Amino acid sequence: MKKKYSITIFFPCYNEEHNIERVTREALDVAGRLFDDYEIIIVNDGSRDNTGAIADRLAKENPFVRVIHHEHNKGYGAALRTGFENATKELVFYTDGDGQFKIEEITKLLPLIDKYDIVSGYRIRRQDSLIRKINAFMWGLLVNALFKINVSDVDSAFKLYKRKIFDEITLTSQGALIDTEIFAKARAKGYTITEVGVNHYPRVAGEQTGAKLSVIFKAFKELFKLRSSFSPRS
Ligand code: UDP
Ligand code: MG
């Protein structure tokens with residue numbers, strides 16, 4: 001039977017040489033079972049390790065895999081924007097290139113995309129330190145209050161979108177604010193969002209970047225910029 005949607009699956013990767021092959025193979029396996037028409041994009045965000053070379057090899061071995069390299073590290077938001085800009089299918093799904101989610105759980109999101117424009121997987125039991133969970137909770141309160149986006153887990157990296165949304169909104173965030181920016185701008189255009197619980201796993205290799213002070217400062221800087229330029233009706 002012909003599957004209903006075509007899909008682009010992508011992951012941002014910065015220094016993920018120990019994770020990228022496993023995650024790409026998982027995506028190929030899941031996409032091959034669930035979709036007739038799909039592509040996998042690895043966004044190599046200027047990695048300094050072997051991520052780029054491994055990604056090139058995976059693309060050479062498999063016609064469904066493409067790689068886009070940033071010449072230097074541009075940040076999480078920039079990596080996501082590259083993924084969205086290069087997606088060609090009806091749906092676009094991203095998760096992190098570090099394997100903290102099981103791509104298989106996209107089956108929880110898919111039935112909801114008939115009814116909603118964005119389906120976001122909230123982390124059922126987030127595998128991070130207590131301090132990070134507290135920070136994330138406060139951040140969530142702040143961005144929900146500022147932009148009325150009304151989601152419980154803004155920054156969860158397990159999201160399914162109708163690709164057409166990205167033809168209608170212009171994104172500017174280079175850093176971690178990107179998820180907030182997408183939700184805020186999509187809501188302002190009248191797109192609908194729902195959430196469903198997914199599992200979250202500890203990082204097994206490589207270093208996390210999300211708790212770095214430089215990442216947090218950049219997110220606040222971009223938050224003030226977005227807030228001052230943003231009108232919910234625009
Ligand atoms: N990442 C990226 N560019 C960056 C920082 C991170 O593409 O400048 C990728 C990283 O490889 C991972 C994802 O973004 O796949 C999330 O990063 P990380 O796991 O460090 O964040 P956390 O899970 O700690 O929030
Ligand atoms: Mg991670």
Restricting the stretch 179-221 to trypsin sites (Lys or Arg not before Pro) in coil, as DSSP defines it, with at most 12 other Cβ within 10 Å: LYS189, LYS212
With every protein chain left in place and a probe of 1.4 Å, what is the accessible surface of GLU90, to the nearest 10 Å²? 100 Å²
Can you give me the accessible area per residue for the chain, using a 1.4 Å probe, in Å²? 49 Å²
Listed peptides 115-126, 16-27 by packing density, highest first (mean Cβ within 10 Å): 16-27, 115-126
Distance in nm between label sites at ARG132 and GLU168, each 7 Å beyond Cα in the beta-carbon direction? 3.4 nm
For the stretch 10-167, the Rg and Dmax computed from alpha carbons only, in angstrom: 15.8, 47
Quick one: give the max-minus-min coordinate of the C-alpha atoms of the stretch 102-234 along each principal axis, largest first, in Å. 41, 36, 23
Given points 7 Å out from each Cα along the Cα-Cβ axis, report the ASP49 to ARG203 separation in nanometres with one decimal. 0.9 nm
On a 23 Å Cα-Cα criterion, which of the cross-link pairs LYS4/LYS74; LYS74/LYS133; LYS133/LYS221; LYS102/LYS148; LYS102/LYS218; LYS108/LYS162 come out too long? LYS4/LYS74; LYS74/LYS133; LYS102/LYS148; LYS102/LYS218
Post the alpha-carbon centroid distance, the stretch 108-158 to the stretch 1-52, in whole angstrom. 22 Å
Relative to the Cα centre, what is the charge dipole magnitude of the chain, using +1 at the beta carbon of each Lys and Arg, -1 at the beta carbon of each Asp and Glu, and rounding to the nearest 20 debye? 780 debye
Keeping the other protein chains in place, figure out the carbon and sulfur percent of the accessible area of the chain, with a 1.4 Å probe. 54 percent
Electrostatic dipole magnitude of the stretch 58-172 [Cβ: Lys, Arg +1; Asp, Glu -1; Cα centre; debye, to 20]: 220 debye
Relative contact order of the chain, defined on C-alpha pairs under 8 angstrom at six or more residues apart (%): 23 percent
Please state the charge dipole magnitude for the stretch 115-176, taken about the Cα centre, from unit charges on C-beta atoms (+1 on K and R, -1 on D and E), reported in debye and rounded to the nearest 20. 240 debye
At LEU141 and LYS102, where each label point lies 7 Å from the Cα along Cα→Cβ, what is the point-to-point distance in nanometres? 3.3 nm
Which is farthest toward the positive dipole end of the chain among GLY32, PHE230, ASN73, measuring Cα position about the Cα centre, with Cβ charges +1 (Lys, Arg) and -1 (Asp, Glu)? PHE230
Dipole of the stretch 182-225, positive direction: furthest Cα of GLY197, ILE216, ALA184, with charges on the beta-carbon: ALA184
Whole-Hz couplings from phi, Karplus 6.51/-1.76/1.60, listed for the stretch 87-104; x for Gly and Pro: 5, 10, 9, 5, 10, 10, 10, 10, 9, 6, x, 9, x, 7, 10, 9, 4, 3
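The values are calculated or read from the model by the stated rules, or taken from the named source; none is laboratory data. None of these values were measured; they are calculated from a predicted model. Ideal geometry is used to build each Cβ from the backbone, glycine not excepted, and the neighbour counts take in all protein chains shown. Ligands, DNA and RNA are stripped out before the accessible areas are found, and what is left, the full protein with its side chains, is counted by its heavy atoms. Shrake-Rupley method; radii C 1.70, N 1.55, O 1.52, S 1.80 Å.
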